[in-house]
1. Which one is farthest from the ligand (Cβ to nearest atom), of the residues in the range 148-168 that are in a loop (DSSP other than H, G, I, E, B) and over 25 Å from the mean Cα position of the chain (by Cα)?
2. Do any helices (runs of 4 or more DSSP H) entirely within the range 15-129 hold 1 or more residues that are surrounded by fewer than 19 Cβ atoms within 10 Å (Cβ to Cβ) and polar (S, T, N, Q), and if so, which?
3. Among (1) farther than 23 Å from GLU361 by Cβ; (2) modelled with pLDDT under 95; (3) open to solvent by less than 40 Å² (accessible area, probe 1.4 Å), where does PRO452 come up short?
4. Give me the pairs, please: first residue somewhere in the range 237-260 and closer than 17 Å to ALA150 by Cα and among the acidic types (Asp, Glu), second residue anywhere and modelled with pLDDT under 95 and in a loop (DSSP other than H, G, I, E, B), beta-carbon distance under 7 Å, and either six or more positions apart or on two chains.
5. Criterion first (open to solvent by 60 Å² or more (accessible area, probe 1.4 Å), among the charged types (D, E, K, R), in contact with a helix residue (DSSP H, G or I) (Cβ under 8 Å, 6 or more places away or on another chain) and at negative phi) does LYS305 satisfy it?
6. Which of the residues that make up the range 213-256 are buried (at least 19 other Cβ atoms within 10 Å of the Cβ), touching a helix residue (DSSP H, G or I) at 6+ places or on another chain (Cβ under 9 Å) and among the small types (Gly, Ala, Ser)?
7. What helices (runs of 4 or more DSSP H), lying completely within the range 319-422, carry at least 1 residues that are surrounded by 20 or more Cβ atoms within 10 Å (Cβ to Cβ) and polar (S, T, N, Q)?
8. Can you pull out every residue in the range 194-218 that is aliphatic (A, V, I, L, M) and touching an Asp or Glu at 6+ places or on another chain (Cβ under 7 Å)?
Amino acid sequence: MKTAFSQIPSVDRLLISPHFEALSRESSRERVASTLRAVLAELRCKLEKDEKINLSGEHVADLVALKIAEEDAPSLKRVINATGTVIHTNLGRSVLPEEAVEAVVAAARYPLSLEYDLAKGKRGDRDSHLEGLICRLTGAEAATVVNNNAAAVLLTLNSLARRKEVLVSRGELVEIGGSFRIPEIISASGCKMHELGTTNRTRIDDYKDVLSAKTGAILKVHTSNYRVVGFTEETGLAALAKLVKDKNIPVIEDLGSGALADLSSFGLTREPLVEESLRKGVDIVTFSGDKLLGGPQAGIIAGRKDLIKRIKKNQLKRALRVDKLTIAALAALLKLYLNRDTFCEKIPTLRFLARPLVELEALAKLAAEGLEDYFGGDATVDVEAGSSQIGSGALPGEEIPSKLIVIRHKSLTPSRLAASFRKASPPIIGRVKENSFILDVRCVERAKDLLPRKKLKT
Ligand SMILES: *Cc1c(COP(=O)(O)O)cnc(C)c1O
């Protein structure tokens, strides 16, 4: 053992060898040395386990180069979304429209008038870049923006109903992806939850019966990722607004996705519009920036001016506020909505959702032909009818007809095949269903995006 260890060359000796001279020209000498130490430690471990190791200078230098390259590679990698879920939380939800991307780049690169009033030469307000646009698109009196919709709900409740009761229907105690649950968010915001009604039916009288001096707010939650069907009754927004009129109890609605435009003209079921909620008398609505809106991660709070003022004054606002990159992206996105003829084409999330079946079919056929060649008889590749999902809890239960590429490999199981597509560059993410591996083309821009450039590693 001792002699085996003594074969390991010293760091100093290796560093002056020609292979390492070359490495040190690309990375700093210090970094090469520390990486080399780590590599030698790994080799020593292998020796201890009696594994065969190669100690040639060239091989060790290769290991060091590989480790440095791995460290330098980004961990956030671009991927091809062939899952069929348009707003895929694990894949970063909405991709930004080109206009928003350009705005982000410019905001990142140069100093900017983030909180600076250029006309007066004085301190300005970061919300000023967004508030007017949000009000114009929703009919709200005032608005503000925070990190995400979870933060929007938290901040709104904390600002308007702290230490008081928040009334919420038992049919609306939503959980979104485990980390956002209405009961928990209410308690985290310093309020007390008062649940009422039943899972399937909540009437106006249920609210009326529990209204008291302790009531701080009524919270309505859009049950965005499930639907209660059958014998159901939900109390309408207008009735709730009427109930608390002149009582100084705000009605707050967490819309989740919250659309700014009617999507039914694209063949999708209508998601509630922010504007409608406000028109029906809701005092404050909150919704996400990166779901159906199609922009950056953000939480938008819109509604009554006096309430928004209290929300903006809350110390927590500072902790939850958005940065300049988000403001740049969101402002550029919202401006696209001002042009009613073109926004759907320009906002990728909406464009993907509205993509015509014929376009999907042509794309799927082209990609399937390429994949068939690629597998050269080792797999069958078919184009079949199937369905995509919107994702992120928007329009639950709604499936949109799509075209799927269905791959059945002769020797690889579907999950092995899925794993090997994930090793492509860029990784291609599909889904496994029974005996096949499926690529949904809805969010794929070009057929060639689905063809791995190199032979797949299995
Ligand atoms: C998605 C969603 C949230 C959380 O929004 P984030 O922007 O992910 O923080 C909260 N409430 C509802 C109803 C939602 O659909």
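The values are calculated or read from the model by the stated rules, or taken from the named source; none is laboratory data. These figures come from a predicted structure and were not determined experimentally. Here Cβ is always computed from backbone atoms with ideal geometry, including for glycine, and neighbour counts include all displayed protein chains. Surface areas here come from the heavy atoms of the whole protein model, side chains and all, with no ligands, DNA or RNA. Shrake-Rupley method; radii C 1.70, N 1.55, O 1.52, S 1.80 Å.
1. Filtering the range 148-168 for residues in a loop (DSSP other than H, G, I, E, B) gives 148, 162-164.
Add one more test, that the residue is over 25 Å from the mean Cα position of the chain (by Cα), and what stays is 162-164.
Working: ARG162: 19, ARG163: 23, LYS164: 21 Å.
Per the stated criteria, the residue is ARG163.
2. Numbers: elements: 18-26, 29-48, 57-72, 98-109.
Fully inside the range 15-129 and qualifying: 18-26, 29-48.
3. Answer for PRO452: the failing condition is (1).
4. From the range 237-260, the pairs are ASP254/HIS222.
5. Numbers: open to solvent by 60 Å² or more (accessible area, probe 1.4 Å): yes; among the charged types (D, E, K, R): yes; in contact with a helix residue (DSSP H, G or I) (Cβ under 8 Å, 6 or more places away or on another chain): no; at negative phi: yes.
No: the conditions fail for LYS305.
6. Of everything in the range 213-256, those that are buried (at least 19 other Cβ atoms within 10 Å of the Cβ), touching a helix residue (DSSP H, G or I) at 6+ places or on another chain (Cβ under 9 Å) and among the small types (Gly, Ala, Ser) turn out to be GLY216, ALA217, GLY256.
7. Numbers: elements: 324-337, 343-346, 348-354, 357-375, 414-422.
So the answer is 324-337, 348-354.
8. Step one: list which residues in the range 194-218 are aliphatic (A, V, I, L, M), which gives 196, 204, 210-211, 213, 217-218.
The one that is aliphatic (A, V, I, L, M) and touching an Asp or Glu at 6+ places or on another chain (Cβ under 7 Å): LEU196.
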